[in-house]
Every structure is written in structure tokens, then in C-alpha cells.
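Quick notes on the structure that follows.
The values are calculated or read from the model by the stated rules, or taken from the named source; none is laboratory data. The shown structure was predicted, so the numbers you read here are calculated from the model rather than taken from an experiment. Neighbour counts are summed over all protein chains in view; Cβ atoms, including those assigned to glycine, are modelled from backbone coordinates with ideal geometry. Side chains are part of the model used for accessible areas, which takes the heavy atoms of the whole protein and leaves out ligands, DNA and RNA. Shrake-Rupley method; radii C 1.70, N 1.55, O 1.52, S 1.80 Å.
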Amino acid sequence: MKIDRIETFLVAPRWLFCRVATDEGLVGWGEPVVEGRAEVVRAAVDVLAEYLIGEDPLRIEHHWQIMTKGGFYRGGPILSSAVAGLDQALWDIAGQAYGAPVHALLGGPVRDRARVYAWVGGDEPGEIAEAVAEHVAAGMTAVKMNASGRLSPVPTVAEINAVVERLAAAREVLGDDRDVAIDLHGRSSLPAARMILPAVAPFSPLLVEEPLVPEQTHLLGDLVRCTSVPVATGERLYDRAGFLPALQAGVGVVQPDLSHAGGISEVRRIAALAETYGALFAPHCPLGPIALAASLQVAFATPNFLIQEQSMGIHYHRGSADLLDYVTDTAPLQIVDGHIARSDAPGLGITVDEQAVRRADAGGHAWRNPVWRHEDGSFAEW
């Protein structure tokens, strides 16, 4: 069996899909994307396709090594994301070729269902209680929200109180048997994070995500030592080497993204590395159905899995396509009582609606993240 065609598709709201076809008729799908830079990743996929065309798709690890190390310059979000989507597609083909789900090829499942959480509140969070109540009524057991909008380098008392009040509102609706996570989105400086983490601790968040930008990973140890709240990071780290200093700093939860951090092949190794440090695994995935399906395959086979992000109804999709619009059968991704059940369908376990994808690609997209500024006109982290 040989790979004979690789295509990419820009699909709304902000995704890039890839289709890897073989001369024996098997087709695998992946999701190689950097949000806001999808067109650039598309070009990287085209370059990597020069190597993959004509190759045996079942030599996944060999191809991963060549794609990540075969060029003199390595790593970074664009290349790692291009590799990630192609890697997902190769695992999808392998599962179909062997008649098994990817989680079986990874050593077999360790759980029957994966817990997921829902997003509330948007980029500048508001109406928290109402949104949380809707998810509780739908059976969700966990939600996540941004802690704030833009933050001052040293937050005012009012800014800190606003973070606490939003968290308190969510906790009141959730009670003690459900969970809330907060995302600082790299918007906080080190002084701000030191102020916020102790302030939110009384409400027992499941985790506090990305309190610092990834360039400041070396400072995470200071934050871990100042709080009992699990510190999480990883959506902007792309390989094992990037996660090592975060784990050495004592983070409690790693959040690699299956569409950024080298795909299934590398993320399963990141999860294993985290396990040796006693850290839990919560894959980042505010993306499309292929990325979620790939994430779930790893989650089902990973002992230290905690919870899975998913993007149904997330604020990035409003007025555009949603997670289930590009699959022909939504059952494998249905959420019941806050969980997605394990499927034994081969490959990634979903069937992509190719016609819908091709129609969407005809329109394409040019999604860009907003650029924020402080009141004095200087740049603010989004």
C-alpha cells in the first residue's frame, strides 16, 4: 500500500483538514492547524507531502521521525502542526488497515468513557451563572472559562475581585460535585498570577490553565509553590523537550494539543513523560471533529488522563460551523452525562463528510485572533 494523494481543506470556522489517500482505497483524515495561521500550515503540509507521496502509510513512526528531523531546522508550531495532522491521518489509515480503533493499536483501552468539559463565558467572560446552569441541565459535570479579559500587569483590587466573583458564580451553580477550571490564557504577568492563584484557591478549581506565556515556563515553579491549585499548561508547547521544564517545575496537568504537538505519536509520549512526574493529562482541543477524535483515542489508552476539552458551542464558532457539521454520524462524539463513550470503530472512529468539507473549502476562511491593547495603547496578551 502506498500514499498516492494528500489534500488540505480550509473549513469554517477556523480549521484546516487534511485527507491522505492510498492506492488501495483507504483514506485517513487529520487536522493540521494553527488557529489564525491555517494557510501557513497548509503550505507546510504541501512540503511534507513531497516526502510522503509514494510511501507506505503504515510506517508511522518512521515517517514521524523523517518529518520532524529530516530538515535541518526543526520544531515550532507550524511544522509541528503540519506533522500532527498528517500523523493523525496515518493512524486513521492504520486502524482501518488492521480493522481496529487507534486506542487498540496504542495498547488497548484503560477506560470505557472519557470525561469532557464545556466552555462558558467567551473571551471576556460574562453571564457565567446562566451559561453554567445550561450545561448542568444538559448533564455536564465540568466547565471551563477564561478567568478574565485583558489584565493589567499588576491587577487592581477590582480586577482580582472580578476573577473571584466569576469563579464564585460558577461554583454556586455547580455545587461541590462538579468541577470548574479557569484559563488565564497567558494574559497574566508573574506578579498578576501570584495574586490570582491564592485568591481563587478557596473555590477549588479543577485547574488553572496557562498562568504564564510559554516563554516563561522557567518561572512556573514559583507559581506551583505559591498555591494548592493544580497548575496546567501546554497548549503552546509542541514536543517532549518543551514539556520537560514545565514538569520539572511541578505543574500538575499537561495540556498538549493533538493538532499542534506532533499528533498522536508525540502526544502519547508526552503523556507518558507526564506520568513519570505524577502529572495528569488533559488534551487541549478547541478545534474540530478530527482533532477531538484523535484526542479521544489517546485518552482512552492513557492511564493518567484527567479530562478532555471539546468545542461544541464554543464562542469561536458563533455564526459559523460547529463541531459536528463535518461528520456523517454524530454518535461517536455525542456527550452523555458529561462523557464521550469509547467507540471500537476502526481508525479514529469517525466518518468525515467529505462533500461537506469540500463545499466548505470552496468558501475557505481567514480567521485571525484579535489583537488587544491596554488603556495606554501598549500590547496586551489575548
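Tally Lys/Arg at +1 and Asp/Glu at -1 over every other residue whose Cβ is under 12 Å from the Cβ of residue 171; what's the total?
Details: positive: 166, 178; negative: 165, 172, 176, 177, 179.
Every neighbour counted, the sum reads -3.
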Over the range 1-85, what is the relative contact order in whole percent, taking alpha-carbon pairs under 8 Å and six or more residues apart? 32
Stretch in the chain that is longest and holds no trypsin sites (Lys or Arg not before Pro) that DSSP places in a loop and that have at most 14 other beta carbons within 10 Å: 75-317
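When only Cα pairs under 8 Å and 6 or more residues apart are kept, what is the percent relative contact order across the chain?
Values: 839 pairs, mean separation 82.2, N = 382.
With pairs under 8 Å counted, the relative contact order is 22 percent.
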Environment charge at residue 330 (Cβ cut-off 11 Å; Lys +1, Arg +1, Asp -1, Glu -1): -4
Going through the range 1-110, which chymotrypsin sites (Phe, Trp or Tyr not before Pro) have at most 16 other Cβ atoms within 10 Å and a DSSP loop state? 72, 73
Work through the residues other than residue 300 whose Cβ is under 13 Å from its Cβ and net out their charges, Lys, Arg +1 and Asp, Glu -1. +3
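Return one whole number: the accessible area per residue of the chain in Å², for a 1.4 Å probe. Each step should come with its number before you reach the end.
Values: 14770 Å² over 382 residues.
For the chain, the per-residue accessible area is 39 Å².
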Residues listed by number, the range 233-266, amide nitrogen under 20 Å from residue 43 label point at 7 Å toward C-beta: 260
Over the chain, how many percent of alpha carbon pairs lie in each 20 Å bin up to the one with the longest distance? 30, 59, 11, 0
